[in-house]
Amino acid sequence: MKKLFFLFINLLFFIPITTQAQTDPVVDKIIEIGKTDNQSMQHLDVLCNRFGGRLIGSDAYENAAEWAAYKFREWGMEVEFDEAGEIPVGFNRGPWFGRMLGEEGMNLHFATPSYTSGTKGVQRGEVLIEPKTQAEFDRMKGALKGKWVLISGENKGYPIDFSENADILRDSIKAENAKIEEENNKIRRENWQARGTDQRQKELLPLIEEPALFYKEMRDAGILGIIQSSKTPIQAMYDRKNTMDMTWETLPTVPDIKLDAKQFSKIKRMAEERRYFLLEFDIRNHFKIGPIKYHNVIGIIRGTEFPDEYVIMGGHLDAYDVATGGVDDGSGVTPTMEAARLIMEAGGQPKRTILVVLWAGEEFGLLGSQSWIDRNADKYDKVSNMVNRDGGPTVPTGVSVSPAMMADFEAICAPINDINPDFPFEITEREAREKPKKAWGTDSGPFAVEGIPTIGFKCEDPKGYNFSYSEIWHTERDLYNKSIPEYQEHAAICTAVMVYGIANLDHLLSRDGYYIEKPSEEKSEGKSKRAKEKRKAIKDLNKK
């Protein structure tokens, strides 16, 4: 009996227990379908070239959300439209055109941020340079009506703030500049009096620079719009300071144009020379009466054994509309959707529930993911991992996990190295780090703040396709053709294999060593008490 007992103990404690079958037929099928019938780029084609840029509050976002839900249902998944919030006014971008008319006429390369005004049809006008002082404004105020105005500064993607608070700030700057101008007038007089002498001419004091300093006055005077210089590719985001407080009665009325810096420089020179020419713009920016609700789209693959435990994979469905969101975040959403399709097509029946979440409002401040976190505190301890793809169309080459997760991931990710020899996959050890106090700038951020593991792939460009994220980030070049097909397709397979593997474990991933555990107040007090007792014992011993 003793021999049998020790044999049982050996079997129980010393035989390696695999966390996932080495040859899972579902995983084999996922890889087979992913290699022979991968539809990642078809999904991206629809998202970019049928719907285009898709901000929350736009028809394009609503259409994309409906389509994604339709595909999830088609693949046999449950679907939830998860209401995440509402936006007070909607926005739909139409086409935009511009040209310079005259001897040196040219087509203009420009963009406008979202939630800004369009033109009233085709509008033509001469060009003036903005006033910097009250005296300059008074001298030109009668000429402003029907003109385009060049303003200072360089485009950073956002429009000029047209709110009352911004007017107050500009008024304070004008007051300071008025004082500086008084001093400059004194300097001018002194310099005039010192002409013809050896006395050195004094330099004028610099004015405080603020683009569109006389915005309100110029708007009230009837300008057609403002034009600011922009690097290329042109970046155009949205009115972050006013969008969430915008009402139908407080919509912007002045087009805010961001113009190619080379063209801006030429036009400014011609305006300084007071040459006659016209600029013509047709900008079709349209608004919708709100409020308009926005939703996360959640596809659900229900768990067979642990339906109340979860693995989450996703990317954000919304995208800026100056382009079509082909990379940010089409390159995350569509491989995620394809991973879900592969799991379903392969007959996957995971032990725990897989939530495939296409997040809303990431570009407006992680609105969809933060809303989900705020409303689902009861699920924090039941989420095994959250996989988020939002870093570009590069290919998975590895994953970094804590020592407590290493065995699980070695088993789960083993098949990935057999998919494509061009993309070897490495699992490395992740050092524990402090849990963030504030969400970082993508949808995994709110999960990390709550201590939920957010293990995603390390992604690279091993074939040297020369991808540059800064080129597409919120710019006019964030297009379908900036995503890399073979990387996208491989990412979909890797995502399906890893997510399905995590969902099929007989346990949640261990969180031991994932974040640095800070001792609780009670533990700290206990340690402090024991330390005092130890010091007292040593002191007593020394006395003896």
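The values are calculated or read from the model by the stated rules, or taken from the named source; none is laboratory data. The structure presented is a predicted model; accordingly, all values stated were derived computationally and were not measured. Because the Cβ atoms are built from the backbone with ideal geometry, glycine has one as well, and the counts that use them run over all protein chains shown. Each accessible area value is taken on the protein alone, full model and side chains, heavy atoms only, with ligands, DNA and RNA left out. Shrake-Rupley method; radii C 1.70, N 1.55, O 1.52, S 1.80 Å.
Answer yes or no as to whether Y310 is assigned to a strand (DSSP E or B), over 30 Å from F467 (Cβ atoms), open to solvent by less than 40 Å² (accessible area, probe 1.4 Å) and not hydrophobic (A, V, I, L, M, F, W, C). Answer is yes for this residue. Pick from the range 268-307 the residues that are β-branched (V, I, T) and buried (at least 22 other Cβ atoms within 10 Å of the Cβ): which of them is nearest to the chain's Cα centre (by Cα)? My answer is V297. The residues listed here are N155, N184; of these, the one that is modelled with pLDDT under 95 and surrounded by 13 or more Cβ atoms within 10 Å (Cβ to Cβ) is N184.
For the range 200-212, state whether one or more residues are modelled with pLDDT of 95 or more and part of a helix (DSSP H, G or I). Checking the range 200-212: not a single residue is modelled with pLDDT of 95 or more and part of a helix (DSSP H, G or I).
Would the range 241-261 turn up any residue that is of a type in the set (S, T, N, Q), in contact with a Pro (Cβ under 9 Å, 6 or more places away or on another chain) and part of a loop (DSSP other than H, G, I, E, B)?
To start, the set of residues in the range 241-261 that are of a type in the set (S, T, N, Q) comprises 242-243, 247, 250, 253.
Next, only the ones that are in contact with a Pro (Cβ under 9 Å, 6 or more places away or on another chain) stay: 242-243, 247.
Narrowing further to those that are part of a loop (DSSP other than H, G, I, E, B): 242, 247.
Yes, some residue in the range 241-261 is of a type in the set (S, T, N, Q), in contact with a Pro (Cβ under 9 Å, 6 or more places away or on another chain) and part of a loop (DSSP other than H, G, I, E, B).
Filtering the range 87-109 to residues that are surrounded by 15 or more Cβ atoms within 10 Å (Cβ to Cβ) and touching a Lys or Arg at 6+ places or on another chain (Cβ under 9 Å) leaves I87, V89, G90, F91, N92, R93, W96, M100, L108, H109. Any residue at all in the range 216-239 that is surrounded by 13 or more Cβ atoms within 10 Å (Cβ to Cβ), more than 30 Å from A323 (Cβ to Cβ), under 36 Å from the mean Cα position of the chain (by Cα) and among the charged types (D, E, K, R)? Within the range 216-239, one or more residues are surrounded by 13 or more Cβ atoms within 10 Å (Cβ to Cβ), more than 30 Å from A323 (Cβ to Cβ), under 36 Å from the mean Cα position of the chain (by Cα) and among the charged types (D, E, K, R). The set of residues from the range 325-369 being under 18 Å from N296 (Cβ atoms), assigned to a strand (DSSP E or B) and either free of Cβ contacts under 8 Å to residues at least 12 places away in the same chain or open to solvent by less than 10 Å² (accessible area, probe 1.4 Å) (or both) comprises T353, I354, V356, V357, L358, W359. Looking at this structure, is L479 under 25 Å from K382 (Cα atoms) and touching a residue at least 24 places away in the same chain (Cβ under 8 Å)? Answer is no for this residue.
Among the residues of the range 24-76, those identified as of a type in the set (S, T, N, Q) and either modelled with pLDDT under 95 or assigned to a helix (DSSP H, G or I) (or both) are T36, S40, Q42, N49, N63. Residue under question is C459, and the condition is that it be modelled with pLDDT of 95 or more, surrounded by fewer than 21 Cβ atoms within 10 Å (Cβ to Cβ) and among the hydrophobic types (A, V, I, L, M, F, W, C); does it hold? Yes: the conditions hold for C459. List pairs: first in the range 110-135 and buried (at least 22 other Cβ atoms within 10 Å of the Cβ), second modelled with pLDDT under 95 and not hydroxyl-bearing (S, T, Y), Cβ under 6 Å, 6+ apart or cross-chain? Correct list of pairs: Y115/D239. Residues that are at pLDDT 95 or above, over 30 Å from L55 (Cβ atoms), open to solvent by 20 Å² or more (accessible area, probe 1.4 Å) and not in a helix (DSSP H, G or I): does the range 380-396 have at least one? Taking every residue of the range 380-396 in turn, none turns out to be at pLDDT 95 or above, over 30 Å from L55 (Cβ atoms), open to solvent by 20 Å² or more (accessible area, probe 1.4 Å) and not in a helix (DSSP H, G or I).
Taking the range 405-424 as the range and being exposed (fewer than 15 other Cβ atoms within 10 Å of the Cβ) and assigned to a loop (DSSP other than H, G, I, E, B) as the test, the residues that pass are P421, D422, P424.
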